[in-house]
Amino acid sequence: MPSFPGYSLPMTPLKAWIDIALFILLMLLASQFLGLAGTSLPLPYLVVVQGTLVLLILYGLLRLRGQRWSDVGLRPLRSRDLGYALITLLGAYAANFAFMSLVYWLDPAGFRTHLSELTHIARMISEGRSYPELAAIMLFVGVYEELAARGFLLNRALAALGGKTAAVLFSSVLFGLGHTYQGWVGVVQTTLIGIVFAGAVLRFGSLWPSILAHAGLNTLYLVLSPLVEERLRTIL
């Protein structure tokens, strides 16, 4: 097993696959519940409800194996994690910029449609809210998504597949598939970002760099996407 906090705990590949299957099943059930019960909720509140459900699912699965949050990489925040988070953020931004530049070059209309859809979501979240409020919401998103994808799923993928590269790719693809509502561009985009975040977790030995980078990337997007869309309207 890789030398990483919690990943040295003994777990057979079979148990790891069972945990992955249980997580996917419970997430599908949760999404059905949210689809039925959350239609009347404003998007920021829906995000909080969704995140709470994810954390409850993760807590239950960890308790099933006698584990704690620290066993999947949620260690006390260290001062150096801030620098690691900046490195991770820059890496994710570079990967995202390269991919979206390719999409823009190959399919300008598709690029504009994708950006327009995401900008609509950003406005639904950010409307009437201050920057500190947005940052707090995005930090919560960073916490629960990173605990799920780079904490739990990467942990189990390492045990199930036995190698870092396969585990990073597998967990990142699952992360990308969780964004199918963004279309194929969004799936590939989030998969690439997930690879960067997974690499950071394994390199830096903590979830905090990816959590903070995730929150920072989302916050920047909420602030900048309307400006980018407006600018593109003048050149496309």
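Details
- Identity of the residue in the stretch 179-214, crowded, with 20+ Cβ neighbours inside 10 Å and among the small types (Gly, Ala, Ser), that ends up modelled with the lowest pLDDT: Ser206
- Among residues of the stretch 50-86, those that are among the β-branched types (Val, Ile, Thr) and surrounded by fewer than 16 Cβ atoms within 10 Å (Cβ to Cβ), counted: 1
- Any chance Arg80 is under 21 Å from Val201 (Cα atoms) and among the basic types (Lys, Arg): yes
- Where Ala148 falls short, out of the listed (1) in contact (Cβ under 8 Å) with a residue 60 or more places away in the chain; (2) within 9 Å of the chain's Cα centre (by Cα); (3) surrounded by 24 or more Cβ atoms within 10 Å (Cβ to Cβ): (3)
Conditions (1) aliphatic (A, V, I, L, M); (2) farther than 23 Å from Ala198 by Cα, marked per residue:
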position: Arg112; (1), (2): no, yes
position: Ser116; (1), (2): no, yes
position: Ser126; (1), (2): no, yes
position: Ser130; (1), (2): no, yes
position: Ala136; (1), (2): yes, no
position: Leu158; (1), (2): yes, no
position: Leu174; (1), (2): yes, no
position: Trp184; (1), (2): no, no
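- Scope the stretch 38-60; condition in a helix (DSSP H, G or I), among the hydrophobic types (A, V, I, L, M, F, W, C) and either without any contact (Cβ under 8 Å) to a residue 12 or more places away in the chain or in contact with a strand residue (DSSP E or B) (Cβ under 6 Å, 6 or more places away or on another chain) (or both); matching residues: Leu56
- Hey, Phe175 surrounded by 23 or more Cβ atoms within 10 Å (Cβ to Cβ), aromatic (Phe, Trp, Tyr), closer than 20 Å to Thr12 by Cα and touching a helix residue (DSSP H, G or I) at 6+ places or on another chain (Cβ under 6 Å) or not: no
- Condition met for Thr219 (at pLDDT below 95 and of a type in the set (Ser, Thr, Tyr)): yes
- Scanning the stretch 95-125 for residues that are under 19 Å from the mean Cα position of the chain (by Cα) and polar (S, T, N, Q) turns up Asn96, Thr119.
- Selection count where residues are among the small types (Gly, Ala, Ser) and at pLDDT 70 or above, scope the stretch 1-44: 6
- Any hit, the stretch 158-169, residues being surrounded by fewer than 21 Cβ atoms within 10 Å (Cβ to Cβ) and of a type in the set (Val, Ile, Thr): yes
The values are calculated or read from the model by the stated rules, or taken from the named source; none is laboratory data. This one's a predicted model, so the numbers in the text were calculated from it and none came from an experiment. Here Cβ is always computed from backbone atoms with ideal geometry, including for glycine, and neighbour counts include all displayed protein chains.
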